[in-house]
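No value in this document is a laboratory result; all are computed from the given coordinates. Remember, predicted model here, so these are calculated numbers, not experimental data. Using ideal geometry, Cβ is built from the backbone for each residue, glycine included, and neighbour counts are taken over all protein chains shown.
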Amino acid sequence: MGLLDGKTGIIFGALNDESIAWAVAEAAKREGAEFVLSNAPVARRLGSLDELAESTGSSIIWADATSDEELADLFEQVKEEHGPIDFIVHSIGMGVNVRKDVPYEDLNYNWYQKTLDISAVSLHRIVHHALDQEAIKDGGSIVAMSYIGAQRIFSKYSEMGDAKALLESIVRAFGYRLGKRDIRINAISQSPTKTTAGSGIDGFNAMYEFAERVSPLGNADAESCADYTITLLSDYTRMVTMQTLYHDGGFSSMGISDQLVEAMEDSFGDDE
Ligand code: NAI
């Protein structure tokens, strides 16, 4: 539909073809955008970003999203290549304690800080450096990926719930300040999605299947998340900012569904 015709941007966080950011890049290309792709230098070895760069005609700038120096260089290069850009997509996350199976009560605080730095503070850094380098246009749009674990406890999500709560708070705090330049910033709160980061969470399959059975529309996949992201990068949502927008097939409005009631009755026995 050409929703992003003439727009330029940067998309952080595509690792492989399961990544949400990968789907966002393909959808952005389809809608007419030109963009730079970025990921941490270590992802060069772990993922297949070169493939995506080739298929979307994009360049790659490797940068650790926790490094001010690398982000400053990145936005300088982005500006050289495209001039000031119209959009930024932040699709970065990692829970270090979660990865290493450390329970919430016993968090290793160095790892906890790393988790918050990678998964939340990186959004602040990215926006800061984009502004500092005058690399984002007035009227631009910024989108970050979040999860309902920011508001509610999903036991195995552990420290990542804190990281997402911080991420969403940064969305609001920056949203206020970006408003004077008509730049908007929102978080998409996405269904459990089968990706590298998703599958790194202990109990992910249970969370996925639970949400699938509770959500009236079922779980939203990466492709539908990408389509939703495109609407937020387009001019049609120019008055939407500072929001956490649920893209979850209705999960966030549900308590329990018939399907789950029946499954629970089957496993625990119906006492009627
Ligand atoms: P993914 O593993 O494909 O993407 C995570 C990305 O973060 C990777 O590309 C990784 O290289 C990047 N990253 C990690 N450390 C970095 C650093 N220091 N600097 C720069 N990049 C770094 O997984 P997915 O699921 O596509 O994750 C994207 C976003 O979506 C994350 O914010 C995640 O929390 C969020 N999300 C994922 C859900 C899921 O169930 N998969 C559900 C809701 C939100």
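Worth pointing out:
- With distances taken between every two different alpha-carbon atoms, the stretch 1-117 has a Kirkwood hydrodynamic radius of 15.2 Å.
- Order of 22, 62 - criterion: other Cβ atoms within 10 Å of each residue's Cβ, fewest first: 62, 22
- Spherically averaged projected area of the convex hull of Cα atoms, the stretch 105-190: 5.9 nm².
- Calculated over the stretch 137-249: convex hull of Cα atoms, volume per residue (Å³): 99 Å³
- FRET efficiency, 1/(1 + (r/R0)^6) with R0 30 Å, evaluated for residue 16 and residue 155 via beta carbons: 0.60
- 12 Å beta-carbon shell around residue 189, net charge (K/R +1, D/E -1): 0
- Taking the Cα centre of the stretch 160-219 as origin and assigning +1 to Lys and Arg Cβ atoms and -1 to Asp and Glu Cβ atoms, the resulting dipole is close to 440 debye.
- Sorted by Cβ density within 10 Å, fewest first, the residues 261, 214, 171: 261, 214, 171
- Local net charge near residue 133, Cβ-Cβ under 9 Å (Lys/Arg +1, Asp/Glu -1): -2
- With 0.36 nm allotted per residue and the present C-alpha distance subtracted, the residue 176-residue 106 stretch has 21.6 nm of extension available.
- Backbone N atoms of the stretch 139-166 closer than 11 Å to the 7 Å Cα→Cβ label point of residue 53 are not found in any residue.
- Sum of side-chain charges, residue 206 neighbourhood, beta-carbon under 14 Å (Lys, Arg +1; Asp, Glu -1): 0
- If you count Lys pairs in the stretch 75-163 whose Cα atoms are under 26 Å apart, skipping same-chain pairs closer than 8 places in sequence, the total is 4.
- Spin-label model, residue 263/residue 212: points 7 Å from Cα along the beta carbon direction are separated by 0.8 nm.
- The dipole here belongs to the stretch 203-263: it is taken about the Cα centre, uses +1 on the Cβ of Lys and Arg and -1 on the Cβ of Asp and Glu, and is about 240 debye.
- Restricting the stretch 59-133 to trypsin sites (Lys or Arg not before Pro) in coil, as DSSP defines it, with at most 15 other Cβ within 10 Å: 100
- Debye intensity ratio I(q)/I(0), log10, the chain, q values 0.08, 0.10, 0.11, 0.16 Å⁻¹ (C-alpha model): -0.32, -0.49, -0.60, -1.24
- Measuring how big the stretch 222-272 is from its alpha-carbon positions, Rg and Dmax come out at 18.0, 55 Å.
- Cα centroid separation, the stretch 224-272 to the stretch 92-124 (Å): 25 Å
- Residue among 169, 135, 90 farthest towards the positive dipole end of the stretch 53-186, charges placed on Cβ: 169
- A full extension of the chain between residue 134 and residue 5 corresponds to an added length of 44.3 nm, given 0.36 nm per residue minus the alpha carbon distance.
- Its Cα centre serving as origin, the chain has a Cβ charge dipole (Lys and Arg +1, Asp and Glu -1) of approximately 920 debye.
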